[in-house]
Amino acid sequence: MNYNHKLIEKKWQKKWEESKIYRADDTSSKPKYYALVEFPYPSGEGLHVGHIRPYTGLDVIARKRRMQGFNVLYPFGWDAFGLPTENYAIKTGIHPKIITKKNTDTFRRQLKSLGFSFDWDREVNTTDPTYYKWTQWIFLQLYKKGLAYKAKMAINWCPKDKIGLANEEVIGGACERCGTAVEKKEKEQWMLAITQYAQRLYDDLDSVDYIPAAKTGQRNWIGPSAGALVKFPVVGSEHCIEVFTTRIDTIFSGTYVVLAPEHPMIEDLKGSITNWDEVEQYCAEVRNISDIERTSFERPVSGIALRGIHVTNPATGEEMPVWVADFVLAHYGTGAVFADAHDARDFELAKKYNIPLKTSIVPDDKDLAPQVENLEVCFEGEGILIHSQRFDGMTSSEARPKIIEWLKEKGSAEPHTTYKLRDWVFSRQRYWGEPIPMIHCDACGWQPVSEDDLPLELPEVERYEPTDTGESPLASMTDWVNVSCPVCGGSAKRETDTMPNWAGSSWYFLRYVDPHNANSLADKEKLTHWMPVDWYNGGMEHTTLHLLYSRFWNKFLYDIGVSPVSEAYQKRTSHGIVLASGGEKMSKSRGNVVNPDTVVDIVGADALRIYEMFMGPFDQAIPWDERGLNGAHRFLGKVWDIAQKGSVGRGENESITRLLQKTIKKVTEDIESMSFNTAISALMIFTNECYKADIVPQEAWNSFLHILAPFAPHMSEELWHTQGHTTSVHRETWPQYDAARLEEELVSIVIQVNGKMRGSFETSRGSTKDANIETAKRAGHVSQYLEGKTIVRVVYVPDKLINFVIK
RNA sequence: GCCGAGGUGGCGAAACUGGCAGACGCACUAGCCUUAGGAGCUAGCGCCGCAAGGCAUGCGGGUUCAAAUCCCGCCCUCGGCACCA
């Protein structure tokens, strides 16, 4: 093989770039196709071989679509705000802008050396003020529609470093930097009311084509549960404790109410609580435990009574005590539950503290029912109602709507759906993010920055650390912070928190459509032309947050007439990550990251692309194997050698032509299901046959170069031109296969005896059953197995299999 | 803990609606060849066995003429869990 990948790959990359053959055309009359990969965070380590897998996968699809006659948009950009750059800036004092520029330059150079068919004219960068102008603009629209609001939320706080920490920076409950135990600190934060879109985000999943894991991921994350809100009046007070329940059928056994330690009612009732000191201490202790720990079943339940407080059960009219317990979460439902013998934790808590219990549901199981009634076991399932007045004898599901209706008439309950999904905490006390364009005036409250003043640019600061008070470094920029109120003109202050990294990535797919537009986020006509994204591929780790956030923003933009579609992504797939050779994660700290530059240098971009696609199923995590690259390299070498041998174009070859049909079919279909590994396997089989053959028909070879082109764009382009062509192979039409030529005339029939394979024979397709059974009985060793036995039954599958069942 | 994905040779894997387990590739072995190269060619390659044959798809049951594939129970690995991106 004398294929000089260095020379040839560079040559074509230059030609493709000059002729802009991968440019997406906004005005084309061809059908459009929008293929999207998740834009990367340009980390300081540069591109690694794991990035390349998804980009190559969708590059193959984008290239195939172009050959199938589509006008393809396959863009790229940078999600460049974020913690690592900021932390690096804190350490070195170098401005994040400079670090980002350096990192994106490296990434871009590396990506270009791999021959991806991105339209580089549409590159976007979330940290570019001309980009984040629109991120801020979207925030203002959300604010105007009442979907952005301030609320007190707990942040992780390191009391020694005096800074707020991301969850990632908290290792085992301690600060990553200094090891000090992390505390929770209440802070006013901007929130986005994604829960208002919960039902639509849930329902509209029916209209899109996502891999099942992504759909269930989203559904579970949104987590709707239908139930009722029930009011429990506090005895001797105006207050009512509102409880959310999905099990209203158990209301008659409710014997106490449990509040989350954060529940505001506790403070409201302070005056009537006789054991306040104990209560306060318990609540304080719980606040520093994570939700996961609090709700863990392995953890013993704990709680404390609010002495002096009673509420009335609206169904029974009985008075009930009120407790506080850590397993009740403030942000789920109403932060309060009514407790009974039909919930394991309620049951456990009651047993532990001798709170009275009652049953109202018995299982349809004669042995179990008495144990449940005697409170020996906790029964959480559905069953038959008892001790429930007029609802006795009904099943749980029958009773639920009837009880809600009955309580509703009394003004004590109403149907309600609640969600696991919580509103989105949108503030970060950090420098390297989009400034939140809001101004606070003591007289007028929060006021939005005028849209004419966008972008509100990040000012230069000297230090990038958050301040001692936990505010972002912007807080020390008094010139920037102190402004006049846009309403009254009085003195006011800017919001100094910035947006989370998720902001910029929640709408970038819209900006690619019209990346240089200075007057709007993107031109409506262009958006209508390109949206929705036809195929979006990304990591499974983004299934819940990024995917949901961006769907939410798009839906909101749809509602205000900006986005033309209510669902951003028509199809969503996922890739598996590339692991290091040992099977562990690739990471800088482990020192096992493979840099694609070395690989491209030694075997070339095409071989790397082929290997990445061949290494295993696209959606599965695969360990990197240096030696596997040799196989890809060798395969391409063989392709090259065939072209040099002189066998191409020397005449006809029926078996090669027939194999080509099979190969085209396999590759065409496998690309669609992202079975790139088996597509390449088919290309290898075809190559091996051509290598052995004395004659490879010209037409077959041309078609082969076409279906190889998406995987190995450089070599196929070079070989295409060696055949005398002057236009790009990537502008050729994707070959069709001839279905009539696929079916082989001869079929191999498998002979089984009692289900075990004992032989086989060849016969013509569609041959008759009786003759085949006779042939099978005599074939090879089969007769031995049948000798002296009785054939009880013969299973016959035409053109495939004969199974003799013997005794 | 909850949710999701997965478990097949020495390794990565393949196997369409249940129908020849291991395609394709890596590694390895033997031989050949050579402008000694991250070369190439030919053959072999699940395990046990000289063979006949037997055993094999995480483990234990089941359904079926036939199970990697369907059903029940269990074990293990990986990903996510809301301020990493």
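Every number in this text was worked out from the coordinates using simple rules, so none of it is lab data. Since the structure is predicted, the reported quantities are computational estimates derived from the model, not experimental observations. Using ideal geometry, Cβ is built from the backbone for each residue, glycine included, and neighbour counts are taken over all protein chains shown.
Along the positive direction of the dipole of the range A:194-291 (beta-carbon charges: Lys, Arg +1; Asp, Glu -1; about the Cα centre), which of A:Ser237, A:Val208, A:Thr195 reaches farthest?
A:Val208
For chain A, with only Lys/Arg (+1) and Asp/Glu (-1) charged at the beta-carbon, what is the dipole magnitude about the Cα centre, in debye rounded to 20?
2500 debye
Output the 0 to 90 degree angle, nearest 10, between the alpha-carbon long axis of helix A:769-778 and the longest principal axis computed from the alpha carbons of chain A.
That helix lies at roughly 80 degrees to the long axis.
Under 1.5 on a/c is rounded, so check that first for chain A, then, if it is not, pick prolate when a/b is larger than b/c and oblate when it is not; a ≥ b ≥ c are the square roots of the alpha carbon gyration tensor eigenvalues.
The shape class here is oblate.
Rank the residues A:Cys158, A:Cys690 as a footprinting-exposure proxy: fewest other Cβ atoms within 10 Å of their Cβ go first.
Fewest-to-most Cβ neighbours within 10 Å comes out as A:Cys158, A:Cys690.
Setting aside same-chain residues fewer than 8 positions from A:Lys588, which aspartates and glutamates have a Cα under 14 Å from its Cα?
Those aspartates and glutamates meeting the cut-off are A:Glu45.
How would you rank A:Phe704, A:Phe804, going from fewest to most other Cβ atoms within 10 Å of each one's own Cβ? Provide the component values of the computation, followed by the final result.
On the way: A:Phe704 27, A:Phe804 22.
If I rank by nearby Cβ atoms, fewest first, I get A:Phe804, A:Phe704.
Is there a quick way to get the dipole size of the range A:610-662? I mean about its Cα centre, with the Cβ of Lys and Arg at +1 and of Asp and Glu at -1; what is the value in debye to the nearest 20? Mind dumping the intermediate values first?
Working: 7 positive and 7 negative charges, 60 e Å.
Rounded to the nearest 20 debye, it is 280 debye.
Considering the options A:Pro84, A:Ser767, A:Phe556, tell which one lies farthest towards the positive end of the dipole of chain A, charges being +1 on Lys and Arg and -1 on Asp and Glu at the Cβ, about the Cα centre.
A:Ser767
Straight-line reach from A:Lys402: which lysines have a Cα under 30 Å away, not including same-chain ones fewer than 8 places off?
A:Lys231, A:Lys358, A:Lys366, A:Lys410, A:Lys420
Can you list the lysines whose alpha carbon is less than 18 Å from that of A:Lys101, not counting same-chain residues fewer than 8 positions off?
By straight Cα distance, A:Lys101 reaches A:Lys91, A:Lys112.
Using amide H atoms built in the peptide plane, which far-off residues or other-chain residues are under 5 Å from A:Ala779 H to H?
Under 5 Å from the amide H of A:Ala779 lies no amide H from a residue far enough along the sequence or on another chain.
For the range A:40-97, which chymotrypsin sites (Phe, Trp or Tyr not before Pro) are in a loop by DSSP, counting at most 16 other Cβ atoms within 10 Å?
Here no loop site has a sparse enough neighbourhood.
When the Cα centres of the range A:267-290 and the range A:497-546 are compared, how far apart do they sit, in Å?
Between the Cα centre of the range A:267-290 and that of the range A:497-546, the gap is 45 Å.
Rank A:Ile273, A:Phe70, A:Gly538 by how far each Cα sits towards the positive end of the charge dipole of chain A (+1 on Lys, Arg Cβ; -1 on Asp, Glu Cβ) and give me just the farthest.
It is A:Phe70.
Evaluate the charge dipole of the range A:427-571 about its Cα centre and quote only its size in Debye, nearest 20, assuming +1 on the Cβ of each Lys and Arg and -1 on the Cβ of each Asp and Glu.
Charge dipole of the range A:427-571: 500 debye, to the nearest 20.
Within the range A:1-109, list the trypsin sites (Lys or Arg not before Pro) lying in a DSSP loop whose Cβ has at most 12 other Cβ atoms in a 10 Å radius.
Taking the range A:1-109 and a limit of 12 other Cβ atoms within 10 Å, the loop trypsin sites (Lys or Arg not before Pro) found are A:Lys20.
How many percent of DSSP beta bridges within chain A run antiparallel, rounded to 5?
Given both bridge residues lie in chain A, the antiparallel proportion sits at roughly 75 percent.
Quick one: length gained pulling A:Lys184 to A:Glu689 fully straight, 0.36 nm per residue minus the C-alpha distance?
Fully extending the segment from A:Lys184 to A:Glu689 adds 175.1 nm.
Any idea what angle helix A:713-722 forms with the longest principal axis of chain A, computed on alpha-carbon atoms, 0 to 90 degrees, nearest 10?
20 degrees
Work through the residues other than A:Asp340 whose Cβ is under 13 Å from its Cβ and net out their charges, Lys, Arg +1 and Asp, Glu -1.
Overall, the nearby charge balance is -2.
Just in the range A:169-222: which trypsin sites (Lys or Arg not before Pro) are loop by DSSP and have at most 14 other Cβ atoms within 10 Å? Before the final figure, lay out each step's value.
Details: sites: A:Arg177, A:Lys184, A:Lys185, A:Lys187, A:Arg200, A:Lys215, A:Arg219; in loops: A:Arg177.
Answer by residue number: A:Arg177.
Arrange the following residues from fewest to most other Cβ atoms within 10 Å of their Cβ: A:Tyr569, A:Tyr131, A:Tyr558. Please report the intermediate quantities before stating the final value.
Working: A:Tyr569 25, A:Tyr131 22, A:Tyr558 16.
Arranged by neighbour count, lowest to highest, A:Tyr569, A:Tyr131, A:Tyr558 become A:Tyr558, A:Tyr131, A:Tyr569.
Let me check I've understood the local charge: for A:Asn4, count other residues with C-beta under 11 angstrom from its C-beta, Lys and Arg +1, Asp and Glu -1. What total comes out?
+1
Taking the Cβ of A:Ser28 as the centre, find all other residues whose Cβ is under 14 Å away and add up their charges (Lys, Arg: +1; Asp, Glu: -1).
+4
Tell me the angle of helix A:605-614 to the major Cα principal axis of chain A, expressed in degrees between 0 and 90 and rounded to the nearest ten.
70 degrees
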